[in-house]
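One structure is given below, encoded as structure tokens.
The values are calculated or read from the model by the stated rules, or taken from the named source; none is laboratory data. Please read these numbers as outputs of a predicted model, since none were measured by experiment. Because the Cβ atoms are built from the backbone with ideal geometry, glycine has one as well, and the counts that use them run over all protein chains shown.
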């Protein structure tokens, strides 16, 4: 009892003990989260308490670190990709991509859910956002899947988890932020994310086929399209397919940097939706710009506050002390990658994935360097865990997006997610033991 009293006495006195500091910061942040403060507040308060109460440092350091956090040039690509995605989400892009895939595979056994998987992969290369993919693909495909006889629990789980592929397929906001934090090439990360993204789409499609076969008595097949309809679908989808070609092809060939590709993507989206399709007006572009401004502001404030908090815990060497018992610096690459995957997955289950990325990436990067792990491989693994966490109970953001869009209760939305989460875990394991899944295309493109 006296030891406990001494511990809390040290907390009050501001004694600089690693466990006292950690307990204080975690407790304060959890209390603020339960009081429904946005994540920005707990991070800022945690950094302030650490600096003022335990270190006695100048609080101006927080402002300096916030500015440092949002200074890298690579972050310019973030609002550009968000704006391009918003413009295409408002237009015909999603419909045309879905129409192309459905015309070729929709009539097959499991064709509609496979269409959903592939559409999420392609739309991920347009939006780079899981939530935008849930909204755009989900609103179109869910009524068709329900009409064909699929259970709503399967449909919603499919849409939520297949949308996670958008985290891996470029352009990915998560990969951009990781590249900034880890000082890794965003172009290499973009190319490395393609392999795992395609693998996920393939594994999800296999499960969809098996599910459709085992429930064939209650699921109807869609009428097969003729070649004239297929050609029409191809013609309509050519312009939307130019978007990933512009990004991936431009970076792969070395013609443009990721930031330049982001700028061109905005121009391309405006030309396609406003000039060619004539679907959007100037007022729609203005609304998209306002929406992008709000989202970018939230992301950049999080990045700035996250940088300040990460700087403080690194300054006090809290991560090194807490991770010391795991002896990671002398461990195998596979073990370190496994620890990173588990840590990020657990964190993303409870906290916004961008916040977890901002806090944990600076913690693990010295260990990644010491054991000789490829930071690009680590970035793909981290982004995959962000994807899993966004669709995993209790607080996956895609779950709450689906609740809002489909107007369904929480338990019904998550009921069918387990098989998809197991597939995501399988993909993580494969990435640990077969890193060329991510690195083959990267090495091919960048030597």
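Tell me which residues, restricted to the stretch 339-359, are more than 15 Å from the chain's Cα centre (by Cα), at pLDDT 85 or above and surrounded by 17 or more Cβ atoms within 10 Å (Cβ to Cβ).
Of everything in the stretch 339-359, those that are more than 15 Å from the chain's Cα centre (by Cα), at pLDDT 85 or above and surrounded by 17 or more Cβ atoms within 10 Å (Cβ to Cβ) turn out to be 340, 343.
Could you look through the stretch 376-410, keep only residues that are without any contact (Cβ under 8 Å) to a residue 40 or more places away in the chain and not in a loop (DSSP other than H, G, I, E, B), and pick out the one that is farthest from residue 345 (Cα to Cα)?
In this case the residue turns out to be 404.
Only one of 400, 440 is at pLDDT below 80, out of contact with any strand residue (DSSP E or B) (no Cβ under 9 Å at 6 or more places or on another chain) and either more than 27 Å from residue 141 (Cβ to Cβ) or surrounded by fewer than 19 Cβ atoms within 10 Å (Cβ to Cβ) (or both). Can you tell me which?
Just one listed residue meets the conditions, 400.
What's the number of the condition residue 300 fails, among (1) surrounded by 21 or more Cβ atoms within 10 Å (Cβ to Cβ); (2) closer than 25 Å to residue 81 by Cβ; (3) modelled with pLDDT under 85?
(1)
Given the residues 358, 373, which is the only one that is part of a loop (DSSP other than H, G, I, E, B), closer than 18 Å to residue 179 by Cβ and either touching a residue at least 40 places away in the same chain (Cβ under 8 Å) or touching a helix residue (DSSP H, G or I) at 6+ places or on another chain (Cβ under 8 Å) (or both)?
Answer to the check: 373.
Which members of the stretch 127-136 meet the condition of being buried (at least 24 other Cβ atoms within 10 Å of the Cβ) and modelled with pLDDT of 70 or more?
130, 133, 134, 136 - these are the residues of the stretch 127-136 that are buried (at least 24 other Cβ atoms within 10 Å of the Cβ) and modelled with pLDDT of 70 or more.
Tell me which helices (runs of 4 or more DSSP H) are completely within the stretch 215-301 and hold 3 or more residues being free of Cβ contacts under 8 Å to residues at least 12 places away in the same chain, out of contact with any strand residue (DSSP E or B) (no Cβ under 8 Å at 6 or more places or on another chain) and over 30 Å from residue 352 (Cβ atoms), or say none if there are none.
Qualifying helices (runs of 4 or more DSSP H): 227-244.
Look through 33, 51, 43 and report the one residue that is closer than 30 Å to residue 170 by Cα and either in contact (Cβ under 8 Å) with a residue 60 or more places away in the chain or not in a loop (DSSP other than H, G, I, E, B) (or both).
Result: 43 is the single residue among 33, 51, 43 that is closer than 30 Å to residue 170 by Cα and either in contact (Cβ under 8 Å) with a residue 60 or more places away in the chain or not in a loop (DSSP other than H, G, I, E, B) (or both).
Give the stretch 93-122 a look and list any residue that's at pLDDT below 80 and surrounded by fewer than 20 Cβ atoms within 10 Å (Cβ to Cβ), or say none.
Residues satisfying the conditions are 95, 107.
Would you pick out the residues in the stretch 419-435 that are assigned to a helix (DSSP H, G or I) and without any contact (Cβ under 8 Å) to a residue 24 or more places away in the chain?
Across the stretch 419-435, the qualifying residues are 422, 429.
Being farther than 23 Å from residue 376 by Cβ and surrounded by fewer than 17 Cβ atoms within 10 Å (Cβ to Cβ) is the filter here; which residues of the stretch 303-325 pass it?
Answer for the stretch 303-325, where residues must be farther than 23 Å from residue 376 by Cβ and surrounded by fewer than 17 Cβ atoms within 10 Å (Cβ to Cβ): 315, 317, 320, 321, 322, 324, 325.
Restricting to the stretch 248-267, give me the number of residues that are buried (at least 17 other Cβ atoms within 10 Å of the Cβ) and at pLDDT below 80.
Counting residues in the stretch 248-267 that are buried (at least 17 other Cβ atoms within 10 Å of the Cβ) and at pLDDT below 80 gives 3.
For residue 64, which of the numbered conditions (1) within 26 Å of residue 181 (Cβ to Cβ); (2) at pLDDT 75 or above; (3) surrounded by fewer than 20 Cβ atoms within 10 Å (Cβ to Cβ); (4) touching a helix residue (DSSP H, G or I) at 6+ places or on another chain (Cβ under 8 Å) fails to hold?
Every condition holds for residue 64 apart from (4).
When you go through 321, 334, 329 one by one, which is the residue that is in a helix (DSSP H, G or I) and modelled with pLDDT of 80 or more?
Answer to the selection: 334.
Please tell me if residue 340 is assigned to a helix (DSSP H, G or I), in contact (Cβ under 8 Å) with a residue 12 or more places away in the chain and closer than 24 Å to residue 191 by Cα.
Against the criterion (assigned to a helix (DSSP H, G or I), in contact (Cβ under 8 Å) with a residue 12 or more places away in the chain and closer than 24 Å to residue 191 by Cα), residue 340 qualifies.
Only one residue in 195, 179 is closer than 24 Å to residue 430 by Cβ, modelled with pLDDT of 80 or more and surrounded by 22 or more Cβ atoms within 10 Å (Cβ to Cβ). Which one?
179
For residue 225, state whether it is surrounded by fewer than 23 Cβ atoms within 10 Å (Cβ to Cβ), farther than 16 Å from residue 118 by Cα and either at pLDDT 90 or above or out of contact with any helix residue (DSSP H, G or I) (no Cβ under 6 Å at 6 or more places or on another chain) (or both).
Against the criterion (surrounded by fewer than 23 Cβ atoms within 10 Å (Cβ to Cβ), farther than 16 Å from residue 118 by Cα and either at pLDDT 90 or above or out of contact with any helix residue (DSSP H, G or I) (no Cβ under 6 Å at 6 or more places or on another chain) (or both)), residue 225 does not qualify.
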